[in-house]
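The values are calculated or read from the model by the stated rules, or taken from the named source; none is laboratory data. Since we're looking at a predicted model, the values are computed, not measured. Reconstructed Cβ throughout: ideal geometry from the backbone, glycine too, with neighbour counts over all protein chains shown. All accessible areas refer to the heavy atoms of the entire protein, side chains included, with ligands and DNA or RNA removed. Shrake-Rupley method; radii C 1.70, N 1.55, O 1.52, S 1.80 Å.
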Amino acid sequence: MIKRTKIADLLQCTDYGQKVCVKGWVRTRRGSKSVNFIAINDGSTIKNVQVVADTEKFDPEILKAIGTGACLAVEGTLVESQGAGQSQEIQAEEIQVLGTCAPDYPMQKKGQSFEYMRRNAHMRLRTNTFGAVFRIRHHMAMAIHRYFHEHGFYYFHTPIITASDCEGAGQMFQVTTKNLYELKRDSQGKIDYTDDFFGKPTSLTVSGQLEGELGATALGAIYTFGPTFRAENSNTPRHLAEFWMIEPEVAFYDINDNMDLAEDFIKYCVKWALDNCADDLAFLNKMIDPSLLERLHFVLEHDFVRLTYTQGIEILEKAVAEGHPFEFPVYWGCDLASEHERYLVEQHFKRPVILTDYPKEIKAFYMKQNDDGRTVRAMDVLFPQIGEIIGGSEREADYDKLMTRIRELEIPMKDMWWYLDTRRFGTCPHSGFGLGFERLILFVTGMQNIRDVIPFPRTPGVADF
Ligand code: 4AD
Ligand code: MG
């Protein structure tokens, strides 16, 4: 057979009459006794190529093996299609069955539930929906790297195994090489880690921020983009135990610069999707969420609303007074639930919202303390359908204030000395934020469940594949 052409490239081609070869998986086969129409997809695009096979030219055994899911190599002539729905097709001259497909192929039937798809996540990648989602996911990763590269940020790799708890929420997965059944203990019965791999307790990181701050206060502007782990027992459509996070961190930025960056960055990513993923977005808009494209354009074209947490609470309290039924109570000091965030975004402002200046009790130790003694320079970006998509802040640059907060929260200092050194050796104002990559993909694809925008999700009780 001649050299293979990817279907995405083939469908751009109108040089009819030439010999071509495609390889891919059969989506459908239909036809009559004399002619078969085989739709093949190779993942390079959501579109299939139609292969026309005159049955008399082929061994009946081969034709029999061409069922949904089988893998084929086809050589033939590229011709202008007579049928509706495609402009080119391949008049087959040679067909090789690279792999037959067993009858229990789980993606046989159309219209299966997403829950069914998750149980078969190893094969769901071959469907239109998941193909679209994961091509878009790739493009979003490209957009992120391009954005930061074009804006003078350095891609900075922070460790995955760490001895510090950045968010201080105690949701970490421990890393150990010890036999858990024969743990060494000290005289008080506490686990002795001296003979463990690192000689102390270590975990998978919940955030690369603390190391990112070291990068930013040396290189000026950095971003991380890597896997993060949280052992929070949240079985929600917006939480994963393993997710990817993008964390820019910039020296000399205050919270306003930080908000400008977040807004510009997200809009760049959304525009990138519209510019580079048109076919996949059109499919998702048709099949998954008919308001998807409208929402993407809307976010691009409008400024995000900026207000303080305190103002946000006032709006929510007013909604409660007017009888809006929230599940969770609203009061100054409460951690906003997704329903509160979405109310502000979807019903009150009808625009993305950036909330700032949260009560210090519900935010992490590193955030810059406001003069009121009650709030910190936090910022959360809230999005329609999603709720919180970004969390960030200006950082506390003052050594003494930072130490006071660390002592109040009783954060173990033994493993923090290196972080505090940034405040001792040439401290500077700086800011940063974290974007949950899967939450961005949720927004851009219109998918409803975060488990459906990462190839192999990890959630409580689920670590298959
Ligand atoms: O708000 P978070 O916890 O902030 C941080 O980790 C900071 N250290 C970021 C920084 O300032 N550099 O998490 C940031 C974002 C959230 O807004 C959310 O989009 C996402 O990460 N996120 C999750 N995504 C999926 N599953 C989870 N369990 C997530 N937890 C947070
Ligand atoms: Mg947060």
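Out of everything in segment 218-232 that is in a strand (DSSP E or B) and among the aliphatic types (A, V, I, L, M), what residue ends up being nearest to Asp254 (Cα to Cα)?
Ala221
Would you call Gly215 small (Gly, Ala, Ser) and away from ligand 2 (no atom under 16 Å from the Cβ)?
Spelling it out, Gly215 is indeed small (Gly, Ala, Ser) and away from ligand 2 (no atom under 16 Å from the Cβ).
Select from segment 236-253 the residues that are outside any loop (DSSP other than H, G, I, E, B) and of a type in the set (A, V, I, L, M) and list them in ascending order.
Hits for segment 236-253 are Met245, Ile246, Val250, Ala251.
Sort out for me the helices (runs of 4 or more DSSP H) sitting completely within segment 23-127 that have 3 or more residues that are modelled with pLDDT of 95 or more.
Because the criterion is at least 3 residues that are modelled with pLDDT of 95 or more, the helices (runs of 4 or more DSSP H) in segment 23-127 that meet it are 114-119, 121-124.
Being within 16 Å of ligand 2 (Cβ to nearest atom), in contact with a Leu (Cβ under 7 Å, 6 or more places away or on another chain) and not hydrophobic (A, V, I, L, M, F, W, C) is the filter here; which residues of segment 380-413 pass it?
Within segment 380-413, Asp380, Glu388 qualify.
Among the residues of segment 227-237, is any surrounded by 14 or more Cβ atoms within 10 Å (Cβ to Cβ), touching a Gly at 6+ places or on another chain (Cβ under 8 Å) and on the phi > 0 side of the Ramachandran plot?
Scanning segment 227-237, I find no residue that is surrounded by 14 or more Cβ atoms within 10 Å (Cβ to Cβ), touching a Gly at 6+ places or on another chain (Cβ under 8 Å) and on the phi > 0 side of the Ramachandran plot, so the answer is no.
What do you reckon, is Arg407 open to solvent by 10 Å² or more (accessible area, probe 1.4 Å) and under 25 Å from Pro248 (Cα atoms)?
no
Can you spot a residue in segment 171-184 that is at pLDDT 95 or above, of a type in the set (A, V, I, L, M, F, W, C), away from ligand 2 (no atom under 16 Å from the Cβ) and not in a loop (DSSP other than H, G, I, E, B)?
yes
Looking at Phe365, Phe433, which is the one that is of a type outside the set (A, V, I, L, M), open to solvent by less than 10 Å² (accessible area, probe 1.4 Å), within 16 Å of ligand 2 (Cβ to nearest atom) and in a loop (DSSP other than H, G, I, E, B)?
Of Phe365, Phe433, the one residue that is of a type outside the set (A, V, I, L, M), open to solvent by less than 10 Å² (accessible area, probe 1.4 Å), within 16 Å of ligand 2 (Cβ to nearest atom) and in a loop (DSSP other than H, G, I, E, B) is Phe365.
Quick check on this structure: which one of Thr375, Thr445, Thr422, Thr427 is away from ligand 1 (no atom under 13 Å from the Cβ), of a type in the set (Val, Ile, Thr), in contact with a Pro (Cβ under 8 Å, 6 or more places away or on another chain) and at pLDDT 95 or above?
Thr375
Mind listing whichever residues of segment 194-212 are part of a loop (DSSP other than H, G, I, E, B), touching a residue at least 24 places away in the same chain (Cβ under 8 Å) and more than 14 Å from ligand 1 (Cβ to nearest atom)?
Answer for segment 194-212, where residues must be part of a loop (DSSP other than H, G, I, E, B), touching a residue at least 24 places away in the same chain (Cβ under 8 Å) and more than 14 Å from ligand 1 (Cβ to nearest atom): Phe198, Lys200, Pro201.
Among the residues of segment 149-165, is any closer than 21 Å to Phe265 by Cβ, among the aromatic types (Phe, Trp, Tyr), within 14 Å of ligand 1 (Cβ to nearest atom) and open to solvent by less than 40 Å² (accessible area, probe 1.4 Å)?
Yes: one or more hits.
Quick one: count up the residues across segment 413-427 that are assigned to a helix (DSSP H, G or I), charged (D, E, K, R) and surrounded by fewer than 18 Cβ atoms within 10 Å (Cβ to Cβ).
Result for segment 413-427: 2.
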